[in-house]
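All remarks here apply to the structure that follows.
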Amino acid sequence: MVDTEGRRTQLLRGVLDLCLLAVVAEEPAYGYEMTKRLRARGLTMVGEGSIYPLLGRLERNGLVETHRAASNGGPPRKYYRASREGQRALAAGVSEWRAARDAVDAVLGLVEAEVQP
Amino acid sequence: MSKFVEECRHEWKRLGVPDAVANEMAADLEADLAEAEAEGASAEEVLGSAVFDARSFAASWAAERGVIGPAPAAQHFSRRSRMFAAFAAPAVLAAIGAAIVIFSASPSVERQALARRVTFWAPAPPTVIHGRVLPRLRIGRGRLIVPAFVAPPAVSVHVDRGSRTAGIVLLIIGLVGLLASLLYWSPRPRRFAA
């Protein structure tokens, strides 16, 4: 029996920091706002780890900058945006991801998969 | 404050996360959870599987932010355990030795030190009968040395008043050492720079 959920978790774990960097590189966002943007693109956090420890790591490594600003009617929120270092890390990470994806596609792309209903 | 955030705060306090950092993380988390709830989203959609383990989540977040050590419990435990053993072992030995001296002594009663002769079984040289070696046991008598507080009154050890006093002092030193070791070993929060 293939643990589909477990594999998805493992795959996402390796690139979730890149996804967060990509989201805040487009436009600054606070925690839950990032979750919503990821969800809108098909990445749900259900079953995965939380984004907060990852945001903490990105902040500690200087890949994101933060500032506080008022949100829509709510309390002031901590907004994250990609730093210059973060943008470089994002570019390098995307290159790595594409290379890995292409290599895996070269192998798995030849397989004619039939998904059982 | 939600129960989840409250548990996180307890964990951050236990880990020694500076109050300012803990307050900031708690406020962000609280605001996000409130917004999600207002939009009809569950906490699990915000926190993922972490929603089932607030303590691990809180520790992980604090560690990733660099406000606590990477594995503070393990490192701290190892060093503290070695210190505890270094202090506690001699203290325990001193306390036990002192207790034996004190409780085996009776300065008010003079008793004759006797060695008790007891019957015991002892191995004897094997006997060869018709080419077969047979082990033998023989009954013998010997001296059995036992502590005075274990043996019956016939067996006693004379301990004078000076030895008893020394034993009491040794016992106090041992107990104080043991107490100090326990106090040192007991968990306490450590603070790191934010």
Kindly check whether there is at least one residue in region A:82-92 that is surrounded by 14 or more Cβ atoms within 10 Å (Cβ to Cβ), touching a residue at least 12 places away in the same chain (Cβ under 8 Å) and within 14 Å of chain B (Cβ to nearest Cβ).
-> no
Taking residue A:70 as the residue in question, decide whether it is more than 14 Å from the chain's Cα centre (by Cα) and of a type in the set (A, V, I, L, M, F, W, C).
-> yes
Exactly one condition in (1) surrounded by fewer than 17 Cβ atoms within 10 Å (Cβ to Cβ); (2) within 26 Å of residue A:98 (Cα to Cα); (3) touching a helix residue (DSSP H, G or I) at 6+ places or on another chain (Cβ under 6 Å) is not met by residue A:13; state its number.
-> (3)
Assuming residue A:103 fulfils every condition listed in (1) crowded, with 18+ Cβ neighbours inside 10 Å; (2) among the small types (Gly, Ala, Ser); (3) part of a helix (DSSP H, G or I) apart from one, which condition is it?
-> (1)
Restricting region A:40-54 to residues that are at pLDDT 90 or above and surrounded by fewer than 22 Cβ atoms within 10 Å (Cβ to Cβ), the one nearest to the other protein chains (Cβ to nearest Cβ) turns out to be A:53
Tell me, yes or no, whether region A:70-79 has at least one residue that is touching a Pro at 6+ places or on another chain (Cβ under 7 Å), under 18 Å from residue B:22 (Cα atoms) and at pLDDT 95 or above.
-> yes
What are the pairs, 6+ residues apart or on separate chains, where a residue within region A:61-79 that is more than 9 Å from every other protein chain (Cβ to nearest Cβ) and touching a residue at least 24 places away in the same chain (Cβ under 8 Å) has its Cβ under 7 Å from a residue that is exposed (fewer than 14 other Cβ atoms within 10 Å of the Cβ) and assigned to a strand (DSSP E or B)?
-> A:79/A:67; A:79/A:69
For residue B:33, all conditions in the list (1) surrounded by fewer than 21 Cβ atoms within 10 Å (Cβ to Cβ); (2) more than 39 Å from the chain's Cα centre (by Cα) hold save one; what is the number of the exception?
-> (1)
Restrict the check to region B:20-43 and report whether at least one residue is touching a helix residue (DSSP H, G or I) at 6+ places or on another chain (Cβ under 8 Å), at pLDDT 80 or above, within 30 Å of residue B:183 (Cβ to Cβ) and part of a helix (DSSP H, G or I).
-> yes
Some residue of region A:56-65 being in contact with a Gly (Cβ under 9 Å, 6 or more places away or on another chain), assigned to a strand (DSSP E or B) and hydrophobic (A, V, I, L, M, F, W, C) = yes
For residue A:58, indicate whether it is surrounded by 14 or more Cβ atoms within 10 Å (Cβ to Cβ) and within 12 Å of chain B (Cβ to nearest Cβ).
-> yes
Run residue A:28 past the list (1) closer than 19 Å to residue B:44 by Cα; (2) surrounded by 17 or more Cβ atoms within 10 Å (Cβ to Cβ); (3) more than 9 Å from chain B (Cβ to nearest Cβ) and report the number of the one that doesn't hold.
-> (1)
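The values are calculated or read from the model by the stated rules, or taken from the named source; none is laboratory data. Worth saying up front: this structure is predicted, and the values here are computed from it rather than measured. Cβ sites come from the backbone with ideal geometry, for glycine too, and all protein chains shown count toward neighbours.
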